[in-house]
1. Are any residues in region 150-161 charged (D, E, K, R) and either within 18 Å of GLN46 (Cβ to Cβ) or exposed (fewer than 12 other Cβ atoms within 10 Å of the Cβ) (or both), and if so, which ones?
2. With free of Cβ contacts under 8 Å to residues at least 12 places away in the same chain and exposed (fewer than 10 other Cβ atoms within 10 Å of the Cβ) as the only criterion, which of THR113, THR164, THR91, THR105 stands out?
3. Quick check: is even one residue across region 52-66 small (Gly, Ala, Ser), open to solvent by 80 Å² or more (accessible area, probe 1.4 Å) and either under 30 Å from GLN155 (Cβ atoms) or modelled with pLDDT under 90 (or both)?
4. Does region 129-148 include one or more residues that are assigned to a helix (DSSP H, G or I), more than 35 Å from the chain's Cα centre (by Cα) and surrounded by 10 or more Cβ atoms within 10 Å (Cβ to Cβ)?
5. Does VAL57 satisfy being aliphatic (A, V, I, L, M) and closer than 30 Å to ARG165 by Cα?
6. I'm told GLU116 meets every condition in (1) within 26 Å of the chain's Cα centre (by Cα); (2) over 30 Å from ALA173 (Cβ atoms) except one. Can you identify the failing condition by its number?
Amino acid sequence: MADDGGEEEEEKKPVMPTMPQKIEPPEYIAIQESLVPFFEDITDEQRDRRKFDEQRVEETNLYAQRIEEKLNDEILKRKEADSALDKLAQTRLDTVQEALTKQMTTMFKQLNTDIEAAKERLGETENKLVEVREKNERELKACKLELVERLDRIQAGMRVESKTRREEDEKTAKHMTAEIAL
């Protein structure tokens, strides 16, 4: 009996290594192995999409920064233009006042005429200055509103795209999980 038991143990040892060679793998293992490259492709695709989305966000931020810089430059230019207009108006006013002082000694009548002309020019210059300032403020507000609207549209589009991609990724993952489970 000891010999019989020994022979059985010896027979089991050679049978164990040959057993996996004789048994065919189940279909689900073959399906799982065939889906591994597909899941790797999906993972790569998700990673690529995320990188692409990150790049788009960075590009949008850079675009917004450039626009803000341009707006700031434009604001500075307009402030300088306003300052130049103020100086010009002041220079013209000073010139008119000097001319009035000189003419006052020579002719009283011409003085009254020049004073009236100076008042009209000053009023026009002030009106123009006010109009230019109001126009600049309106344009600046319009630019800011347009920028905000563009950024809101871009942001909303990115949110929708991100949400859509997440939903697609979740559906794909659920679908693949369901297929794998079958």
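1. Applying the first criterion (charged (D, E, K, R)) to region 150-161 yields 150, 152-153, 159, 161.
Those that are charged (D, E, K, R) and either within 18 Å of GLN46 (Cβ to Cβ) or exposed (fewer than 12 other Cβ atoms within 10 Å of the Cβ) (or both): ASP152, ARG153, ARG159, GLU161.
2. On the way: THR113 fails: exposed (fewer than 10 other Cβ atoms within 10 Å of the Cβ); THR164 fails: exposed (fewer than 10 other Cβ atoms within 10 Å of the Cβ); THR91 fails: exposed (fewer than 10 other Cβ atoms within 10 Å of the Cβ).
None of the others qualify; the one that does is THR105.
3. Keep residues of region 52-66 that are small (Gly, Ala, Ser), which gives 64.
From the residues that got through so far, the ones that are open to solvent by 80 Å² or more (accessible area, probe 1.4 Å) too are none.
No, region 52-66 contains no residue that is small (Gly, Ala, Ser), open to solvent by 80 Å² or more (accessible area, probe 1.4 Å) and either under 30 Å from GLN155 (Cβ atoms) or modelled with pLDDT under 90 (or both).
4. Taking region 129-148 and keeping what is assigned to a helix (DSSP H, G or I), we get 129-148.
Okay, now just the ones that are also more than 35 Å from the chain's Cα centre (by Cα), so 129-130.
Checking the rest, the ones that are also surrounded by 10 or more Cβ atoms within 10 Å (Cβ to Cβ) come to 129-130.
Yes, because at least one residue in region 129-148 is assigned to a helix (DSSP H, G or I), more than 35 Å from the chain's Cα centre (by Cα) and surrounded by 10 or more Cβ atoms within 10 Å (Cβ to Cβ).
5. Against the criterion (aliphatic (A, V, I, L, M) and closer than 30 Å to ARG165 by Cα), VAL57 qualifies.
6. Tallying (1) within 26 Å of the chain's Cα centre (by Cα); (2) over 30 Å from ALA173 (Cβ atoms), GLU116 fails exactly one: (1).
The values are calculated or read from the model by the stated rules, or taken from the named source; none is laboratory data. As the structure is a computational prediction, the values presented were derived from the model and not from experiment. Cβ atoms come from the backbone with ideal geometry, glycine included; neighbour counts cover every protein chain shown. These area figures cover heavy atoms from the full protein model, side chains too; ligands, DNA and RNA do not enter into them. Shrake-Rupley method; radii C 1.70, N 1.55, O 1.52, S 1.80 Å.
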